[in-house]
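Report on the following structure.
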Amino acid sequence: EAKRRGKNRYCIYDFALAMEFNERLRIERNLKQAIRKGELAVEFQPLVDLHSARVYGVEALCRWYHDELGMIPPDRFIPIAEQSDAIVDIGAWVLRESCRELRRWMDAGVPELVVSVNVSARQLTDSSFSELLTATLTEFNIPAAQIELEITETALQANDHVLRQLEHIRKSGVGLAIDDFGTGYSSLSRLKELPFDRVKIDRSFVRDLPQDANDIEICRAIMALCQVLHLRVTAEGVENHDQLEMLRELGCCCIQGYLFSRPMRPELMADWLQQADIRAMLE
Ligand code: C2E
Ligand code: MG
Ligand code: MG
Ligand code: MG
């Protein structure tokens, strides 16, 4: 009986695996047409500076509205896109949409804002990436200082060629942030060499604040490291006031999270920016 059940379970596992494989294939095949079919969208989430109690920027986050599979979250399709090279086209599209929306907000009189765009390692291995970036900024007449690129630590293990391209981008005035900091494994010596000016503390270290003593010490250590290296710090995934207060105590003054807002459609952003009372949200 046990053996039979074991075998059954094995079959179920096989089936799940087959489903998974099937869906993966489907996502991969559909991704290539997603842009053309207008199924991709970019949402934006506010980034708040506690000192000034204002929104200093927004992060662009990609969504895919598939006609049969529904909304596919980026955690599901970005890794597949990275393997199939579709990320190059998707990344270019997200960058362009981000600049287009920023231009709209600027024209509508929204106070100066940085738009932060996620960039995959694979995009940076293309030597034409910095040209694409410059061309897109020029097309929408966006000052370089109003764009920031978020790159995960894993992308930083890349070769000298990627490093040179990052240096070139940083010199042009575009900001560079290390995303999900603490979850990869960049060495401290590497960190020192890299042309970054901001670190984003991964959500996993914020979630259990202020109860988890280890997380407090990890965040404290990241803050100390960033102070030595002259890096600015933004904490991700702040959902409540207790987390906020702990981070403030640790000296972290840039905050992103549901506490202020979930990512929202760009047409809602200008109104939200005008109406949101950050000072009141901080109380
Ligand atoms: P990320 O760059 O670390 O983005 C932050 C993620 O945390 C977003 O998830 C955001 O919605 C979520 N988040 C923000 N505040 C909170 C909070 O208070 N609580 C919780 N539980 N979550 C919060 P999202 O939009 O699902 O994106 C997931 C990941 O997908 C991103 O993580 C990024 O790595 C990747 N991604 C999204 N858009 C793009 C893109 O255009 N290009 C690339 N290469 N990657 C992207
Ligand atoms: Mg990010
Ligand atoms: Mg992140
Ligand atoms: Mg993250």
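The values are calculated or read from the model by the stated rules, or taken from the named source; none is laboratory data. Keep in mind that this is a model prediction, so the values were computed, not measured. Virtual Cβ from ideal backbone geometry, glycine too; neighbours counted across all protein chains shown. These accessible areas exclude ligands, DNA and RNA; they are computed on the full protein's heavy atoms, side chains included. Shrake-Rupley method; radii C 1.70, N 1.55, O 1.52, S 1.80 Å.
Calculate what fraction, in whole %, of the accessible area of the chain sits on carbon and sulfur atoms when a 1.4 Å probe is rolled over the protein chains.
That fraction is 51 percent.
Determine how large the accessible area of residue 51 is when every protein chain is in place; take a 1.4 Å probe and give Å² rounded to the nearest 10.
150 Å²
Send over the per residue convex hull volume for the stretch 174-283, Cα only, as a whole number of Å³.
It comes to 115 Å³ per residue, whole-number rounded.
Quick one: which residues, 5 or more positions from residue 59 or on another chain, have an amide H under 5 Å from its amide H? H modelled 1.01 Å from N in the peptide plane, none for Pro or chain starts.
Distant-sequence amide H within range of residue 59: 45, 47, 116.
Given springs between every Cα pair under 10 Å in a Gaussian network model of the chain, which of 71, 19, 223 has the largest fluctuation?
The residue with the greatest mean-square fluctuation here is 19.
Please state the equivalent ellipsoid semi-axes for the chain: what are the square roots of 5 times the Cα gyration tensor eigenvalues, largest first, in whole Å?
Taking √(5λ) for each Cα gyration eigenvalue gives 31, 25, 22 Å.
What accessible surface, in Å², does a 1.4 Å probe find on residue 49, ignoring ligands, DNA and RNA and rounding to the nearest 10?
Using a 1.4 Å probe on the heavy atoms, I get roughly 30 Å².
Calculate, in nm to one decimal, what residue 245 and residue 17 gain on full extension: separation in residues at 0.36 nm each, minus their alpha carbon distance.
Extending this stretch completely gives an extra 77.7 nm.
If you stretched the chain out fully between residue 277 and residue 110, how much longer would it get, using 0.36 nm times the residue separation minus the C-alpha to C-alpha distance?
Length gained, residue 277 through residue 110: 58.6 nm.
Considering only DSSP beta bridges with both partners in the stretch 27-135, what is the antiparallel share in %, to the nearest 5?
Antiparallel bridges: around 75 percent, rounded to the nearest 5.
Taking the DSSP beta bridges in the chain as the whole, what percent of them are antiparallel, to the nearest 5?
Antiparallel bridges make up about 45 percent of those DSSP assigns within the chain.
Per DSSP H run of n ≥ 4, the term is -39500 (n - 2.57); total these for the chain, divide by its residue number, and report the mean residue ellipticity at 222 nm rounded to 500 deg cm²/dmol.
Estimated from H runs of four or more residues: -15500 deg cm²/dmol.
Which residue fluctuates the most in the chain, going by a Gaussian network model with Cα springs under 10 Å, if the choices are 184, 257, 175?
Sorting by GNM fluctuation, first place goes to 184.
Return the aspartates and glutamates within reach of residue 192: Cα separation strictly under 14 angstrom, same-chain partners fewer than 8 residues apart disregarded; answer none if there are no such residues.
The qualifying aspartates and glutamates are 153, 167.
Within straight cross-link reach of residue 37, meaning Cα distance under 14 Å, which aspartates and glutamates are found once same-chain residues fewer than 8 apart are removed?
Answer for residue 37, where 14 Å is the Cα cut-off: 67, 68, 89, listed by chain and number.
Calculated FRET efficiency, residue 121 and residue 37, Cβ-Cβ r, R0 22 Å, to nearest 0.05?
Given R0 = 22 Å and the Cβ-Cβ separation, E is 0.25.
Could you tell me which chymotrypsin sites (Phe, Trp or Tyr not before Pro) in the stretch 168-246 are loop residues by DSSP with no more than 11 other beta carbons within 10 angstrom of their beta carbon?
185
Suppose all protein chains stay in the model; what accessible area per residue would a 1.4 Å probe give for the chain, in Å²?
Per-residue value: 53 Å².
With labels modelled as points extended 7 Å from the Cα through the Cβ direction, what inter-label distance (nm, one decimal) is found for residue 145 paired with residue 168?
2.4 nm
Of all DSSP beta bridges in the stretch 168-283, what percent run antiparallel (nearest 5)?
Within the stretch 168-283, antiparallel bridges account for around 0 percent of the total.
At 0.36 nm per residue, minus the direct Cα-Cα distance, what do residue 227 and residue 214 gain on full extension? Give it in nm, one decimal, please.
2.7 nm
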